[in-house]
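Computed from the coordinates by the stated procedures, all read-outs in this text should not be read as laboratory data. Note that the coordinates shown come from a computational prediction; the quantities given were computed from them, not determined experimentally. Every residue, glycine among them, receives a Cβ derived from its backbone with ideal geometry; neighbour counts consider all protein chains shown.
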C-alpha cells in the first residue's frame, strides 16, 4: 500500500512511515479485512466510509503536520486518520456526528496507545474550546468554506477540506496568512460523504438531494 502511495506522488516520509505503521485492517469492518490495504474507500456503518489510503495520505501531506501540532479533525469515522496524525506526533482533537462511531474509534485508538480527545457534535462549527489549531482536517464535503473553522486556525495554520456538491469535490488547501487573508490551493477529483451541520449541508438540503 505504501509503495503504491509513493508511486502516486506522496513524498512526505513522515506520512508514509505513519501509514506503514498503523494497521488499517483494525479500522475496517471484519467482513472487509481482505480489502483493508487496497487503495479504496470502504463502508464503516452509519452511511460513512474510511477514506481510501491515497486520500488520507494526500490530505495529511497537505496539512504539513509537525510533532506537537494541535490538530482538529472533523469527522472521526473509523479513527484511522486520527491514528495517522497521532502517530506523527500531533495532539489530536476529533469531532464526530455519530456517537457509536466515535466510541468505537476512541476505543481502538486508546488500545493502540494514542491519546485522542473526541466529542459528538457539529464539526462544521469546529471546537472553539481548544482553538486555535495549527491545522484542521475535514473528512467530509462542505458546500463552502466554514468560517468558524477559519476563525479557529492559528495564523500560518492550514485547513484541508473538500468543497463542492454532493457528487464530486475539489480539495481546498487553505493557509491562513492573516486574519483577513487566505492562500487557497485546489486539487480536483475527490469524493467524500457530506458534512452535515450549521456551516455544512443542512439536513433538509441533504434529504432534498435524495441522499
>> Please return the ranges of helices (runs of 4 or more DSSP H) entirely within the stretch 1-72 where 3 or more residues are closer than 21 Å to residue 168 by Cα.
In response: 53-63
> If we scan the stretch 36-48, do we find a residue that is in contact with a helix residue (DSSP H, G or I) (Cβ under 9 Å, 6 or more places away or on another chain) and farther than 27 Å from residue 97 by Cβ?
Replying inline: yes
> Does the stretch 146-162 hold any residues that are in a strand (DSSP E or B) and buried (at least 21 other Cβ atoms within 10 Å of the Cβ), and which are they?
Replying inline: 153, 157, 158, 159, 160, 161, 162
>> Looking at the stretch 87-98, can you tell me whether even one residue there is surrounded by 23 or more Cβ atoms within 10 Å (Cβ to Cβ) and outside any strand (DSSP E or B)?
In response: yes
> Looking at (1) surrounded by fewer than 19 Cβ atoms within 10 Å (Cβ to Cβ); (2) under 26 Å from residue 1 (Cα atoms); (3) in contact with a helix residue (DSSP H, G or I) (Cβ under 9 Å, 6 or more places away or on another chain), can you tell me which one residue 143 breaks?
Replying inline: (2)
